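Below is one structure, written out as C-alpha cells, with a few remarks after it.
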Amino acid sequence: MNKPEFSDVSSQQEDATHTVSLISYVLHLIVAVSAIIPGAQVGPVLLVVALMLDLIKKSDAGDGWEASHFSYRIRTVIWAAVLYLITFPLWFFFIFPGWLAWAVISVWFLYRIVLGLVRLNKQQPMTV
C-alpha cells in the first residue's frame, strides 16, 4: 500500500479547511438573509453553530489566507452581537428606531458575509 506523500496530506487538509470555511460562510449567509426577511428568523441557532465551527477550526487554517477568513467571520459575529445588544433598548422605547437600527446592522452583516464569500472564492485573504 502506498503511503500518501506529505504534499498530498497537506493538500487534503487545505481542501478540508476550505470546505469548512465555505460551510461556515453558507451558515452565516443563511443567518444574514433571514435577518433581512421579516419572520424568517432562523438565525440564533445557525449563528452559534457557525461561530463554534469557526472557533474550533480556526487553528486548522494555520497562518495562510484562509485563517484571515476565520478571524473575519468571528469578528463579524462579535461586532454584530455587540451592536444588536447596544441597540436592543431602542425596541422598548421606540419601535421604529429599533427596527431601523437592527435593519442597518443586518444589512451590514449580510454585506460582510457576501464580501467574505466572494474573497474566499477568489482565494484572497480578508483584510484586517
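Every read-out reported here was derived from the displayed coordinates using simple, explicitly stated rules and does not represent laboratory data. All of these numbers come straight from a predicted model, not from anything done at the bench. Heads up, the Cβs are rebuilt from the backbone with ideal geometry, glycines too, and the neighbour counts pull from every protein chain shown.
Data for the structure
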| read-out | value |
| --- | --- |
| Convex hull volume of segment 13-121 per residue (C-alpha atoms, cubic angstrom) | 86 |
| Pair LEU22, ILE37: separation of 7 Å Cα→Cβ label points (nm) | 2.3 |
| MET52 versus TRP99: modelled label distance in nm, points set 7 Å from Cα along the beta carbon direction | 3.4 |
